[in-house]
Every structure is written in structure tokens, then in C-alpha cells.
1. Quick check on my filter: what residues within segment A:163-178 are buried (at least 22 other Cβ atoms within 10 Å of the Cβ) and more than 13 Å from the chain's Cα centre (by Cα)?
2. Could you list, in sequence order, all residues of segment B:9-25 that are in contact (Cβ under 8 Å) with a residue 12 or more places away in the chain and more than 7 Å from chain A (Cβ to nearest Cβ)?
3. Restricting attention to segment A:219-226, does a residue exist that is facing chain B (nearest Cβ under 9 Å) and out of contact with any helix residue (DSSP H, G or I) (no Cβ under 8 Å at 6 or more places or on another chain)?
4. Restricting the search to segment A:292-317, which residues are over 17 Å from residue A:368 (Cα atoms) and in a loop (DSSP other than H, G, I, E, B)?
5. Any idea which of (1) out of contact with any helix residue (DSSP H, G or I) (no Cβ under 7 Å at 6 or more places or on another chain); (2) at pLDDT 70 or above is the one residue A:109 doesn't satisfy?
6. Without any contact (Cβ under 8 Å) to a residue 60 or more places away in the chain and either away from chain B (no Cβ under 11 Å) or farther than 27 Å from residue A:158 by Cβ (or both): does that describe residue A:231?
7. Quick one: which residue in A:185, A:155 is more than 11 Å from chain B (Cβ to nearest Cβ), part of a helix (DSSP H, G or I), without any contact (Cβ under 8 Å) to a residue 40 or more places away in the chain and farther than 18 Å from residue A:296 by Cβ?
8. Show me the helices (runs of 4 or more DSSP H) found entirely inside segment A:1-93 where at least 2 residues are at pLDDT below 80 and either surrounded by fewer than 13 Cβ atoms within 10 Å (Cβ to Cβ) or touching a strand residue (DSSP E or B) at 6+ places or on another chain (Cβ under 6 Å) (or both).
């Protein structure tokens, strides 16, 4: 090559700039690297974050894998040969995600989203723990990469919060399946914490142990029983012989539609039970409905009346003319809603208006129907 | 083993022991533990843990200062 030939232009190394940064200097660094306005990258990251959440993951990846201006190395420094391993890890994560999706569908039915959500939490917690582990080191290393300490603290905080959420879910599940074992587990954790308080590692246990105990206490206080499965169940018996003595579900939405049944004169008893979620009983008009219910925390709406809050004990025993068909309904809901209506009820999620709504819904008593086959109401709480 | 215990962990442990005993009694049916009783216990425990943590960190700062 002769000296007269022009040298090929070399693009500058991708770094996170200090000037013009809003958060971690990722977008301003990309803008400087590709010589475009960083606002374009900001719009792209925010758009991807809002519509799929990928924007957050991408931003964090750039934050971890690109060095800050003035630093020689990125917070997580990967050798050229390590990229193949990283790609392998990503592929394994995708495979686990697909398997989790399928397994959740098979094991949890329509409650599969819960399994997938839990899987993602485990993944986020694992990555945060790994990042925290990698970011540990002597103080002089932090000076090399200025934000290594902040990154480590953020990762530790994320790992602790995810750990606490997972333990709270585990505590809630255990308390809903076997309250006694869960209670003894809280006693055991308390004893471990007291013993560990005399050692150096006790502080790390406080938040996870408290989250576990809090979940167990809430589930126990609400008398939540999670036996019976999870997901969405709908039953539509057409004759009285098809009606079971009782219906139950652990968590989700349970709907029992009795409107197709011609109830005979006299009392017909029905027991319904739900741990967490929404329980809807649809009754035919012309039947006097007697409702006894206990809801740990949430809402009861039975045709013309409703009540909500904690420790709700509901008793509606109206009188009815002789030979009137009478449905005696005994319901238990741990956390959620028990609704008795004479027409289909919109799902709680829709009534609340998604994330923007409030707990308890906005079901006006008239929305549930009337108990017109009865003489008078006799509601007591 | 260190001489002085971690006060936050110690108070949290004691609070969990008390809560656990109440939950065991409730699971056995000896007491009916609704939100009316659980909520004050939980809030009281949280207050005690925060208070212990606050006092411990204040003592730690004074010790260093």
C-alpha cells in the first residue's frame, strides 16, 4: 500500500458518553457513534419499552456491555471468545422460555400466565444476582469503571426484591395448601434470624424472611384455600342431577351458571369455594336465593345487596312464599369477589378498567339482578 | 460470632417467632385469626423492625463519629 492512498475511516469505539446523557449515556453514546441525533435512539428505546419491554432489556444490556467515557472496560467485560458463550446463554434462555410457556399451559391451564410470569421473575433475579456478583470487587476497580458500584447496588436491590417476591409467592402458596406447615416455617425462619443476628450475614435474610412471613399471614388471615386448581372454570349444568354438591377452585375465575335448571319447590343447597379470584353464580329468575358467605378480603354482591372490605361475613336469609323454589348458597372466598347474579357479569378485570381501575369494582347492585321470588330481604353482616 | 447482635435481624426474628406462634395456633383452630387481629400484629411488627433498624443505624453513626 502506497502512502498516497487514503486511509479507510475508522468509526470510533462505542462508549457511553458523559456529556448529554439522561440516564446511563447509552443513547448519547449511540448518537455520537453513529453520528445521528440521540433523540432518535431515545424514542426507539422508549417505544420498545412501552410496547414489548424489550427496550428496557436492550438498554440494560448496553449499560452493562459498553464502557463509560474515560473508563477502559465495560462493567461486564467480555473477551471476544466469550461472545459465543453469551449467545449460547441467550439461546438457552429462549429455549427455557418456550418450555416454560408450554409447561405452564399444560400444568396450569388458563392460569399459564402466572407460570410464565414466575419464570421471568426467576430469570430477572438470576441475572441481577449474577451482575451483582460480577460487580463486586475492591474499591480501586470501581474507579476504573465509575458506575460499577452503582450498578452493583442496583443489581443487588433488584435481586433482593425479586427474591422477596418469589418467597412471598412461595409463602402464599404454602399457606394456601397447608397452613400448619407454613406457620411452622415462619417460626423456623424467626428462629434462624434470631440465631443469625449474632453472625455477619443476618441482614441479608431480613427482607426475604419478612416477605415470606407477610404472605403467609395475609393468606392465613383471609382463610385462603388454594386446593382445587388454578385458572378459569365455567360450569353450566342443565338439569338438577348435573349440579354437584359443591364447586371449588384454588385461584382464578369460577363461574357456575344455573340458569338452565328448573328448580323444584323446596330448598336446594349449593356450596361454592374459591381461594383467590372471582366467583360468579348465575341463578334463574323465579328462584328465591338465600346466601351465606364469608370473604376474607374483597367483595360480596348478591343480587340486590353488596358489601366489601376485610373479614366480610354475609348472611341473607329472606323469607319466601310456600312452594317457591329456594337456592341455599354457601360461599367462601379468601381474597376476591363472590357475585350472585341473574345475568352474565362482566369480568372483574374489565369492570375495574384494567390497571387503571380500583379494587372492589364498580358493580351497582342493580347490575346483578333482583331477588324477586323472595318476600323480603333479611341481610345481616 | 460477633459480640453485638444485628438488632434489625434480632427484632425481625422475634417478630416472626411471635407471628409464627399465632399462625400455628390459628392453623390448629385454637384461635380465629382474621384481618382484624392480623393487621395490627403485622403493622406493629413492621413498626418495631423499622424502629430497631433506625435506632441501630443511629447508634452505629454515633459510634463512628
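1. Answer for segment A:163-178, where residues must be buried (at least 22 other Cβ atoms within 10 Å of the Cβ) and more than 13 Å from the chain's Cα centre (by Cα): A:171, A:175, A:176.
2. Residues satisfying the conditions are B:11, B:15, B:18, B:22.
3. Taking every residue of segment A:219-226 in turn, at least one turns out to be facing chain B (nearest Cβ under 9 Å) and out of contact with any helix residue (DSSP H, G or I) (no Cβ under 8 Å at 6 or more places or on another chain).
4. If the condition is that a residue be over 17 Å from residue A:368 (Cα atoms) and in a loop (DSSP other than H, G, I, E, B), then A:317 is the only one that fits.
5. (2)
6. It is false that residue A:231 is without any contact (Cβ under 8 Å) to a residue 60 or more places away in the chain and either away from chain B (no Cβ under 11 Å) or farther than 27 Å from residue A:158 by Cβ (or both).
7. Of the residues listed, the single one that is more than 11 Å from chain B (Cβ to nearest Cβ), part of a helix (DSSP H, G or I), without any contact (Cβ under 8 Å) to a residue 40 or more places away in the chain and farther than 18 Å from residue A:296 by Cβ is A:155.
8. The qualifying helices (runs of 4 or more DSSP H) are A:38-51.
The values are calculated or read from the model by the stated rules, or taken from the named source; none is laboratory data. Since we're looking at a predicted model, the values are computed, not measured. Note: ideal-geometry Cβ built from the backbone for every residue, glycine included; neighbour counts use all protein chains shown.
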